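The values are calculated or read from the model by the stated rules, or taken from the named source; none is laboratory data. These numbers were taken from a predicted model, which means no experiment stands behind them. Please note: Cβ atoms are built from the backbone with ideal geometry, for glycine as well, and neighbour counts cover all protein chains shown.
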Amino acid sequence: MAKSPRPGGHGPTPLRWPRAAPGLAAAGLLLAFPLQAAPLDLEGYRLVDLTHAYNADTVFWPAPPTHFKLEQLHYGETPGGFFYSAYRFCLPEHGGTHLDAPIHFARDRETMEQVPLERLVGPVVVIDVSGKAAADRDYRVTPADVLAFEAQHGRIEAGTRVLVRTDWSRRWPDAAAYLGHATDASKLHFPSYGEDAARLLVEDRRVALLGIDTASIDYGPAADFPVHRIAAAADVPGLENVTGLDALPSRGAILLALPMKIEGGSGGPTRVVALVPRGSAGR
Ligand SMILES: [Zn+2]
């Protein structure tokens, strides 16, 4: 049986899905895939939604405008005898579960529609600092946290997506509890990445994306947003206000973070989903 040649020169390294499906290979169905990758067998995974719903309570950065608005255009029976509903919505880019494109903190960098899908889909690790965040709401992830994770779970490989778990999502949508202050952006207190950990992850480990279950990849009191700037300078997008990270293993899951494709945008609503291997325990 002829085998397809290994495709080359198609950009980033293809994803290596962690499960093989020999039955499909025997049936010749591997031909559509790069030879070094196994087909993705969705039966082996459960889908976990890491996204807050948009509604009137959605938490936004406390600088106006700060709300999601859903306006009804039509709702009800039509003269034709059938039901029809339609709405329009309006919101700032940076609220709810959303992506930061690199141009958010770096001039001339990628805008929303330019962020490569390869950064948004693929293996993800979860660094759990929820205990430290519970003791200090201004906690910042340190290089020691990253190294401790690696000592236990293995080195974070280049191109991996990183999510930090603080369990702050349990405070959603109480803006005062979640942000530290509901309306004054100079009085925010919530945990996030520290500058040195961001440098280690972005510049040394060369991760694909930084995400977190708080409002920002910089901690609440940050005045000059060093983590945003380190990430943006390396074309690393940010993923903010994710939820449900207690359902993910430390490593082994596949992240799919697909933002609204806003041409020229600096950020926007993103449906974030993880494929979690069945049998792997969320912690
Ligand atoms: Zn943002």
Restricting attention to segment 38-63, which residues are surrounded by 15 or more Cβ atoms within 10 Å (Cβ to Cβ), within 16 Å of the ligand (Cβ to nearest atom) and in a loop (DSSP other than H, G, I, E, B)? LEU50, HIS52, TYR54, THR58, VAL59, TRP61, PRO62
With the requirement that a residue be touching a His at 6+ places or on another chain (Cβ under 9 Å), within 19 Å of VAL273 (Cα to Cα) and either small (Gly, Ala, Ser) or more than 9 Å from the ligand (Cβ to nearest atom) (or both), what does segment 90-120 give you? GLY95, GLY96, THR97
Within segment 68-80, how many residues are more than 16 Å from the ligand (Cβ to nearest atom) and either small (Gly, Ala, Ser) or surrounded by 11 or more Cβ atoms within 10 Å (Cβ to Cβ) (or both)? 4
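Considering ARG205, ARG199, ARG229, which residue is out of contact with any Ser or Thr (no Cβ under 8 Å at 6 or more places or on another chain) and more than 16 Å from the ligand (Cβ to nearest atom)? Step through it out loud before you land on a result.
Working: ARG205 fails: out of contact with any Ser or Thr (no Cβ under 8 Å at 6 or more places or on another chain); ARG229 fails: more than 16 Å from the ligand (Cβ to nearest atom).
Criteria check complete, one pass: ARG199.
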How many residues does segment 146-191 contain that are farther than 23 Å from ARG119 by Cα and without any contact (Cβ under 8 Å) to a residue 60 or more places away in the chain? 13
Within segment 237-283, how many residues are more than 16 Å from the ligand (Cβ to nearest atom), of a type in the set (Asp, Glu) and either closer than 30 Å to GLN152 by Cβ or buried (at least 19 other Cβ atoms within 10 Å of the Cβ) (or both)? 1
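Has segment 81-89 got at least one residue that is out of contact with any Pro (no Cβ under 7 Å at 6 or more places or on another chain), more than 16 Å from the ligand (Cβ to nearest atom), in contact (Cβ under 8 Å) with a residue 24 or more places away in the chain and not acidic (Asp, Glu)?
Taking every residue of segment 81-89 in turn, at least one turns out to be out of contact with any Pro (no Cβ under 7 Å at 6 or more places or on another chain), more than 16 Å from the ligand (Cβ to nearest atom), in contact (Cβ under 8 Å) with a residue 24 or more places away in the chain and not acidic (Asp, Glu).
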May I ask you to list pairs of residues, at least six apart or on different chains, whose Cβ atoms are under 7 Å apart, with the first in segment 261-282 being over 18 Å from GLY95 (Cα atoms) and the second being aromatic (Phe, Trp, Tyr) and modelled with pLDDT of 95 or more? LEU275/TYR45; VAL276/TYR45; PRO277/TYR45; ARG278/TYR45
Being of a type outside the set (D, E, K, R), more than 13 Å from SER216 (Cα to Cα) and within 16 Å of the ligand (Cβ to nearest atom), is that true of even one residue in segment 133-150? no
